[in-house]
Amino acid sequence: MNRRSFLQRTALASAALAVGGCASLGRKKPLYQISLAEWSLHKTLFGKKMDHLDFPKVARQDFGIDGIELVNQFMMKQAKDQAYLDEFKKRAGSEGVKILLIMCDGEGSLGDPDSKKRLQAVMNHHKWADAAKFFGAHSIRVNADTKGEGSYEDQQKRAADGLRNLSEYCGKLGLNCIVENHGRLSSNGAWLAGVMRIVNLPNCGTLPDFGNFQIAEGQWYDRYQGVTELMPFAKAVSAKTNNFDAQGNCVETDYRRMMKIVLDAGYHGYVGIEYEGDKLSEADGIRATKRLLETVRAELA
């Protein structure tokens, strides 16, 4: 091959590589990714039919999902067990699964009327923030529980106080502290959005759950309004499902309408499957929710 032919071939190869690179750069990213919340398997886990350490493997091999959201209830005694945390992180890594966040419950009320108990609740969450940091997660999910005591405004101020304190600790670790609508006033979208504005920290946000809008017995907040109000602060999203119709649509939530609200807010991160139904098995419910999210994503693309 003479020098001229070599240069021509080199130029063609470079051009092809450049075109390939442009094509790669121009490839559309999915509107959102799909993750799996561990609570979707709570019956299996509580029933000892699955070990928490196997969650990354189950997510990847059984459901083809590469992002998981942990629930602290399934590792309550292991938050500071470094050997256990090492093993879980190793298993997730071997499956190519990202640990996105830890959902924290049972650690006290961040909006407790008693300031000492409120501070203790903040301190109780520190170990989970430390574990989330070790896992490479982006957030811990907490509750803005106020025990339902006091006026609307007083409860906002107390919840904001606890959340600000915990968010400052999380901020030092490079983590977000995010709140789910999870009963009482936290299921009032306007109230929780107001709490976010009072805290006013960039790493304090929300995790809108499509279904958790029951404020009290027989009292429900409109789920579409609530998600609309919470999405400006969202750093994760929970796709709650219970029942499906013959066409594979969620009975309780219009997913096309809901996901449009999510996308219109500029959110394109992970949407976590959280199946809580009884008619399908947990595995089938997870698969049904995944199919629905994939179908809606394709329709909205």
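The values are calculated or read from the model by the stated rules, or taken from the named source; none is laboratory data. No experiment lies behind these values; they were computed from the predicted model shown. Cβ: placed from backbone, ideal geometry, glycine included. Neighbour counts: every protein chain shown.
Residues in region 82-105 include none that are among the acidic types (Asp, Glu), over 17 Å from Leu175 (Cβ atoms), over 17 Å from the mean Cα position of the chain (by Cα) and outside any helix (DSSP H, G or I). Residues that are small (Gly, Ala, Ser) and within 18 Å of Glu107 (Cβ to Cβ) were ranked within region 161-198; the one that is surrounded by the most Cβ atoms within 10 Å (Cβ to Cβ) is Gly162. Quick check: is even one residue across region 26-36 at pLDDT below 90 and part of a helix (DSSP H, G or I)? Checking region 26-36: at least one residue is at pLDDT below 90 and part of a helix (DSSP H, G or I). On the stretch given as region 85-137, residues that are among the charged types (D, E, K, R) and farther than 22 Å from Val179 by Cβ total 6.
Of all residues in region 284-298, those satisfying the criterion of being aliphatic (A, V, I, L, M) and under 17 Å from the mean Cα position of the chain (by Cα) are Ile286, Leu293. Scanning region 218-235 turns up one or more residues that are of a type in the set (Phe, Trp, Tyr) and assigned to a strand (DSSP E or B).
Scanning region 184-237 for residues that are among the charged types (D, E, K, R) and touching a helix residue (DSSP H, G or I) at 6+ places or on another chain (Cβ under 6 Å) yields a single hit, Glu229. Looking only at residues that are farther than 28 Å from Ile99 by Cβ and of a type in the set (Lys, Arg) in region 133-166, which one is modelled with the lowest pLDDT? Here the residue is Lys147. Looking only at residues in region 249-276 that are part of a loop (DSSP other than H, G, I, E, B) and acidic (Asp, Glu), the one that is nearest to Lys29 (Cα to Cα) is Asp254.
Checking Arg291, Arg223, Arg287 one by one, the residue that is surrounded by 14 or more Cβ atoms within 10 Å (Cβ to Cβ), among the basic types (Lys, Arg) and closer than 30 Å to Lys49 by Cβ is Arg287 and no other. Of the residues making up region 187-200, those that are in contact with a strand residue (DSSP E or B) (Cβ under 7 Å, 6 or more places away or on another chain) and touching a residue at least 40 places away in the same chain (Cβ under 8 Å) number 1.
Do any residues in region 245-267 that are free of Cβ contacts under 8 Å to residues at least 12 places away in the same chain have Cβ atoms under 7 Å from those of residues that are crowded, with 19+ Cβ neighbours inside 10 Å, where the two are at least six apart or on different chains, and which pairs are they? Pairs found: Val251/Phe244. Within region 73-84, does at least one residue satisfy the condition of being in contact with a helix residue (DSSP H, G or I) (Cβ under 6 Å, 6 or more places away or on another chain), modelled with pLDDT of 95 or more, surrounded by fewer than 16 Cβ atoms within 10 Å (Cβ to Cβ) and not aromatic (Phe, Trp, Tyr)? Yes; the residues of region 73-84 include at least one that is in contact with a helix residue (DSSP H, G or I) (Cβ under 6 Å, 6 or more places away or on another chain), modelled with pLDDT of 95 or more, surrounded by fewer than 16 Cβ atoms within 10 Å (Cβ to Cβ) and not aromatic (Phe, Trp, Tyr).
Tell me, please, whether a residue that is among the β-branched types (Val, Ile, Thr), in contact with a helix residue (DSSP H, G or I) (Cβ under 6 Å, 6 or more places away or on another chain) and modelled with pLDDT of 95 or more can be found in region 50-61. Looking through region 50-61, none of the residues is among the β-branched types (Val, Ile, Thr), in contact with a helix residue (DSSP H, G or I) (Cβ under 6 Å, 6 or more places away or on another chain) and modelled with pLDDT of 95 or more.
Against the list (1) surrounded by 15 or more Cβ atoms within 10 Å (Cβ to Cβ); (2) within 24 Å of Tyr270 (Cβ to Cβ); (3) free of Cβ contacts under 8 Å to residues at least 24 places away in the same chain, the condition Lys90 fails is (1). Is there a residue in region 192-204 that is among the small types (Gly, Ala, Ser), modelled with pLDDT of 95 or more, in a helix (DSSP H, G or I) and closer than 21 Å to Gln120 by Cα? No, because not a single residue in region 192-204 is among the small types (Gly, Ala, Ser), modelled with pLDDT of 95 or more, in a helix (DSSP H, G or I) and closer than 21 Å to Gln120 by Cα.
Screening His125 against (1) in contact with a strand residue (DSSP E or B) (Cβ under 8 Å, 6 or more places away or on another chain); (2) buried (at least 21 other Cβ atoms within 10 Å of the Cβ); (3) not in a helix (DSSP H, G or I) leaves a single unmet condition, (3). So which residues in region 128-153 are touching a Ser or Thr at 6+ places or on another chain (Cβ under 8 Å) and either farther than 21 Å from Asp81 by Cα or in a loop (DSSP other than H, G, I, E, B) (or both)? Once the filter is applied, which keeps residues that are touching a Ser or Thr at 6+ places or on another chain (Cβ under 8 Å) and either farther than 21 Å from Asp81 by Cα or in a loop (DSSP other than H, G, I, E, B) (or both), region 128-153 yields Asn143, Ala144, Asp145, Thr146, Lys147. Scanning region 234-271 for residues that are of a type in the set (Gly, Ala, Ser) and over 20 Å from Ala301 (Cβ atoms) yields Ala234, Ala236, Ser238, Ala246.
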